[in-house]
Amino acid sequence: MSNSLPPGSAAADSVSLEQLPFDNSFARLSAVFYTKLAPASLPDPYLIGINPDAAALLGIDISQIAEPRAAQTFAEYFSGNRPLPGSDSLAAVYSGHQFGVWAGQLGDGRAHLLGGVRTRNGIWEMQLKGAGQTPYSRFADGRAVLRSSIREFLCSEAMDALGVPTTRALCVIGSNAPVRRETIETSAVVTRLAPSFVRFGSFEHWGSQGRDEEIRILADYVIDNFRPELRSTEKPYEVLLADVARRTGIMIAHWQAVGFMHGVMNTDNMSILGLTLDYGPFGFMEAFDAGHICNHSDDHGRYAFHAQPRIGHWNLLALTHALRSLVGPLENARSIIDDAYVSAFESHFMQLMRDKFGFATEQADDEAFISASFDLLQAQHLDYTSFFRALSHLSDVGTPADAGLRDQFLNRETGDAWLQAWRTRLTQENSEDASRQVRMLATNPKYILRNWIAETAIRKAREGDYSEVANVLECLRKPFDEQPHFEHYAALPPDWAEGLEVSCSS
C-alpha cells in the first residue's frame, strides 16, 4: 500500500472530524504486534491548545471548533472519551535498551494509536499520549501530566519549524483529574502525528525472542508502507538498514547543529523513520557546555549533548542485532551502519555548521575552524543561539555592530581574535555581506524553546490561562523571523530559571 494519496482521491482539503479518512495499516498486522483497546475516560476534558499547522496536515479546519460546544466535542475526541469514526485504537508492543541496559518488554504504556489518516501529503498516524493504562503500562497509571504534555506540544512544532525531522503535535487536552508524580499534578493528553510510530525497539522485541518471521513481517510493513522504493532493490532489508542509519545520522546532525538535547535516547525512543520521537526530558543548549546533561535522571551522563552522535551509532548497532536474520552476519550489518550513519552524520553536520557560520563553499580547514569555534563557545560560556544570531548580522569588516557580539564574550580580546579568523575565512570565498546575512538569518534561529519559556507557559496553564501556550507556539512556528512583539522570548534565562530541572518523571 502506498503512503501517498493520489490527486482526486477521497480525502478533501477540509473535512469534519467525523469524516476523517482513516486507513489503519498497523491494525491490519497480526494481533501479536499490538493490543486493541479503547483509551480510558478522562473526566471533564477541555482544550488547552491546538496547532493550526498540524490540523491542516489532516485537513481539519480549526474554525470548526470556534464555538464552545464544538470545542468540547473536539476535547471529547482527543481525550479519548469518544472514538473518532473510522479509528481503531490500539497499543503497540516493543522492547528496548534503556540507559544502555536491556529492559525487556516495554510497549505503549500510555499511548493509544487511533490509526492513520489519508491526506494529500501521505498518511499521518494519530496517537493519544496519556490516554490511560494499557497491557504495557508496567504498573504505571498510563497518564501524562500537564507540564510534559505542553512541553511536547510546543517542542514538536518548534523542531519542525527549525527543519529537524520530527513527529508533530495536533493538540493538548487537559483535565483536573489528579495524577501523582513527585507531587500531585493534573492530567493531560497530547495528540501526536507521524507517518509511523515504529521504533528500533519494535524490532528488538522480536529479535530478543528469535522470532524471525515477525521481524520479516515488520520489515516488510515498513518497506511497503513507508519506503516502497526499496522493494525493487537487490537486497531490500540491507538497504532498509542503511536507510534507517542514514536518516538517523541526518536527524542527529540537526540536533547537534541546533543545540537540541533529547535526554532519553533509549532504543525504544528511536524512530525507524529517522524522526525525533518521544519528547521527555529534552532541552536546548544555552550557555554552551558540550557535556551538558539535560535529563536530571541521567546520573551518569549517558545522553549528554556531546554523546548523542555516539549513542545514535550504539542504538543502530542494537537494531542490527535484531535484524540479523534479514541482513546477515553482524560484521556485514556493522559495515552498513558505519558507512551510512557516519557519512550521513558527518557530511550533514559539517554542512549545517558551514551554513551557520555563513560559509557558502567548502574549504580544507573548515573542520579545524569549526572545532576551534566550539572550544571558544565552551571556554567563553557563550549562549549558543544568541551567539549565532548575533553573528548573522555582522559584516565582512569590523563595524559598530560588532559590539552586540563582543559583549557576549567573557574576554573581548579573545572574541576579537576569533572574529578576525572568521572574517579571514569569509575572504577565501569572496563573501558578499547582504546575501550571506540573509542566508545566515534563515539558518540561525532567534527563538528556541528555552526551558524558562516552556515553564512560563506551563505555570500560566496551571492557573487556567492558556494564552501563553498559544503565544509561544505562534512564536516558535517562525523561529527565524524577528517578530518584535515576541522579542522577550529571545532573552537569556532569568535568574529564577537557574534551578529548573527536567527528568523522566512525566
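The values are calculated or read from the model by the stated rules, or taken from the named source; none is laboratory data. These numbers were taken from a predicted model, which means no experiment stands behind them. For neighbour counting, all protein chains shown are included, and Cβ atoms are generated from backbone atoms with ideal geometry for every residue, glycine included.
Structure values in brief
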| quantity | calculated |
| --- | --- |
| Qualifying residue in the range 222-230 (condition: touching a residue at least 24 places away in the same chain (Cβ under 8 Å) and among the basic types (Lys, Arg)) | no |
| Members of the range 51-109 that are over 20 Å from ARG199 (Cβ atoms), free of Cβ contacts under 8 Å to residues at least 60 places away in the same chain and hydroxyl-bearing (Ser, Thr, Tyr) | SER63, THR73 |
| Qualifying residue in the range 444-452 (condition: of a type outside the set (Val, Ile, Thr) and closer than 17 Å to MET353 by Cβ) | yes |
| Matching residues, the range 234-265, being in a loop (DSSP other than H, G, I, E, B) and either charged (D, E, K, R) or closer than 18 Å to ILE337 by Cβ (or both) | GLU234, LYS235, MET265 |
| Enumeration of residues in the range 19-64 that are more than 21 Å from ARG82 (Cα to Cα), among the aliphatic types (A, V, I, L, M) and in a helix (DSSP H, G or I) | ALA31, VAL32, ALA56, LEU57 |
| Single residue of the range 309-344 satisfying the filter (of a type in the set (S, T, N, Q) and surrounded by fewer than 19 Cβ atoms within 10 Å (Cβ to Cβ)) that is farthest from ARG247 (Cα to Cα) | SER325 |
| Residue ranges of helices (runs of 4 or more DSSP H) in the range 329-443 with at least 1 members under 28 Å from THR248 (Cβ atoms) | 330-337, 343-357, 366-380, 384-392, 433-441 |
| Filter result for GLU498 (under 30 Å from THR183 (Cβ atoms), modelled with pLDDT under 95 and part of a helix (DSSP H, G or I)) | yes |
| Count - residues of the range 53-73 that are more than 23 Å from the chain's Cα centre (by Cα), under 21 Å from ILE123 (Cα atoms) and not β-branched (Val, Ile, Thr) | 1 |
| Residue that is in the same structural domain as GLN72 (by TED's automatic domain parsing) and either under 30 Å from TRP452 (Cβ atoms) or over 21 Å from the mean Cα position of the chain (by Cα) (or both), where the choices are LEU114, LEU170 | LEU170 |
| Matching entry among LEU193, LEU218 (being of a type in the set (A, V, I, L, M), in contact with a Phe, Trp or Tyr (Cβ under 7 Å, 6 or more places away or on another chain), assigned to a helix (DSSP H, G or I) and buried (at least 20 other Cβ atoms within 10 Å of the Cβ)) | LEU218 |
| ARG459 at pLDDT 95 or above, over 28 Å from the mean Cα position of the chain (by Cα), assigned to a helix (DSSP H, G or I) and surrounded by 11 or more Cβ atoms within 10 Å (Cβ to Cβ) | no |
| Residue check, LEU419 touching a His at 6+ places or on another chain (Cβ under 8 Å) and closer than 22 Å to SER395 by Cα | no |
| Criterion (in contact (Cβ under 8 Å) with a residue 60 or more places away in the chain and closer than 18 Å to SER271 by Cα) met by exactly one of GLY132, GLY207, GLY142 | GLY207 |
| In the range 65-92, residue modelled with the lowest pLDDT [restricted to those that are assigned to a loop (DSSP other than H, G, I, E, B) and over 23 Å from LEU113 (Cβ atoms)] | ALA66 |
